[in-house]
């Protein structure tokens, strides 16, 4: 048995963490320092799209580490070029800036939109974003987010973000002024509790932004790379943004993100954007391995099938335990509990070997590996069934 590591004093206390210390993972399973295994339906918040320690990423990074780990971002490297070509080719957009985190990619999107506004819209800089949206934890991306608990935190934050309700096209149109340069949103608001931007709203928003000469920025950090059953969430609406951001699943577990844009929007001058580790070949090699796997024939169809099985299982539990709706697409789903018991459900589930997330007091979120098996889905449903029986009010 692996010895328990319990002294966490040196770890900065920025989250309420259980005492469990994880030391290993394989596929849909994590193992703690006492040797106990847990079925993981969080996967690093939709990060480990191929599961824990997947062989394609291990092999790609080991091979790359033998050749080249890093060189200055002032030079091209072969994996940077390969991954950028893959993302551009699959997305229909044209140029890619590789970064290290979703917040960094979104910060880059904000900068790019403002630079474009300075050049093409008489200095316009404001970006319309959505209530309850989440775009990261830098000062600018926190300001762009619509989390009420952040409104007075770290003031003064970056100005220039106007909030409107999701799926309210009239509110978007009313918020447009000569200062507006873009509209920015997530196809599905994951951190808010898995709320979808409807297909009619996305299509109408695309038409509106084109009519008004504005940019459409889609934050696909949680929805991208197969999570919804399509490679990108915007594909469900059959439309394409001007700027897209990716992270989480793109690296399959390593720090990797991307700012992706149409060639007509790409207007950074030399020195405007950069980063010491941006586009490093080791992380880019992992991204190439991820996209190679997710674009294999049948992979995304299997994600849709697994998502349907998980959705159906959650609906059965909802009916059995008097819960509410099941929200989301593919393998990004939420269950409305209709009461503020999410924290208790998450805690008891962990004690019984299941890891799930409660993004709201009344909701559970499910983000398993895209490679999750039917047996693992059924096992999760069985454990959650017993937990809900013990926690939900009679």
Task: Restricting the stretch 5-37 to residues that are touching a helix residue (DSSP H, G or I) at 6+ places or on another chain (Cβ under 9 Å) and touching a residue at least 40 places away in the same chain (Cβ under 8 Å), the residue that is nearest to residue 57 (Cα to Cα) - done: 27
Task: Lone qualifier among 95, 82 - being under 12 Å from residue 266 (Cβ atoms) and surrounded by fewer than 20 Cβ atoms within 10 Å (Cβ to Cβ) - done: 95
Task: residue 223 vs. criteria under 30 Å from residue 379 (Cα atoms) and in the same structural domain as residue 170 (by TED's automatic domain parsing) - done: yes
Task: Of the criteria (1) over 20 Å from the mean Cα position of the chain (by Cα); (2) more than 26 Å from residue 27 (Cβ to Cβ); (3) surrounded by fewer than 23 Cβ atoms within 10 Å (Cβ to Cβ), which one residue 360 fails - done: (1)
TODO: Test residue 343 against the stated conditions and say whether it is on the phi < 0 side of the Ramachandran plot and buried (at least 24 other Cβ atoms within 10 Å of the Cβ).
DONE: no
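For the stretch 63-83, give me the residue count where each residue is touching a residue at least 60 places away in the same chain (Cβ under 8 Å) and in a helix (DSSP H, G or I).
Within the stretch 63-83, the subset touching a residue at least 60 places away in the same chain (Cβ under 8 Å) is 63-65, 67-71, 73, 77-80, 82-83.
Filter once more, keeping what is in a helix (DSSP H, G or I): 63-65, 67, 78-80, 82-83.
Within the stretch 63-83, residues that are touching a residue at least 60 places away in the same chain (Cβ under 8 Å) and in a helix (DSSP H, G or I) number 9.
Residue-by-condition table, conditions (1) assigned to a loop (DSSP other than H, G, I, E, B); (2) in the same structural domain as residue 272 (by TED's automatic domain parsing); (3) under 30 Å from residue 296 (Cα atoms); (4) modelled with pLDDT of 95 or more:
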site	(1), (2), (3), (4)
2	yes, no, no, no
8	yes, no, no, no
19	yes, no, no, no
25	no, no, yes, yes
30	no, no, yes, yes
38	no, no, yes, yes
45	no, no, yes, yes
48	yes, no, yes, yes
85	no, yes, yes, yes
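Does the stretch 140-186 hold any residues that are under 23 Å from residue 115 (Cβ atoms) and surrounded by fewer than 14 Cβ atoms within 10 Å (Cβ to Cβ), and which are they?
Filtering the stretch 140-186 down to residues under 23 Å from residue 115 (Cβ atoms) leaves 140-145, 156-163, 172, 175-186.
Scanning the stretch 140-186 gives 156, 159, 177, 178.
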Open item on the list: Give me the residue from the stretch 217-240 that is touching a strand residue (DSSP E or B) at 6+ places or on another chain (Cβ under 6 Å) and either in a helix (DSSP H, G or I) or without any contact (Cβ under 8 Å) to a residue 60 or more places away in the chain (or both) and, out of that set, farthest from residue 124 (Cα to Cα).
Closed with: 224
TODO: Would you mention how many residues in the stretch 326-340 are over 22 Å from the mean Cα position of the chain (by Cα) and either over 10 Å from residue 363 (Cβ atoms) or surrounded by fewer than 15 Cβ atoms within 10 Å (Cβ to Cβ) (or both)?
DONE: 2
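Is it the case that residue 277 is in a loop (DSSP other than H, G, I, E, B), under 23 Å from the mean Cα position of the chain (by Cα) and at pLDDT 95 or above?
Values: in a loop (DSSP other than H, G, I, E, B): yes; under 23 Å from the mean Cα position of the chain (by Cα): yes; at pLDDT 95 or above: yes.
Criteria met by residue 277.
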Open item on the list: So, in the stretch 241-250, how many residues would count as being more than 11 Å from the chain's Cα centre (by Cα) and in a loop (DSSP other than H, G, I, E, B)?
Closed with: 2
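The values are calculated or read from the model by the stated rules, or taken from the named source; none is laboratory data. Bear in mind the structure is a predicted one, so any value in this text is a computation, not a measurement. Note that we place each Cβ from the backbone using ideal geometry, even for glycine, and neighbour counts take in every protein chain shown.
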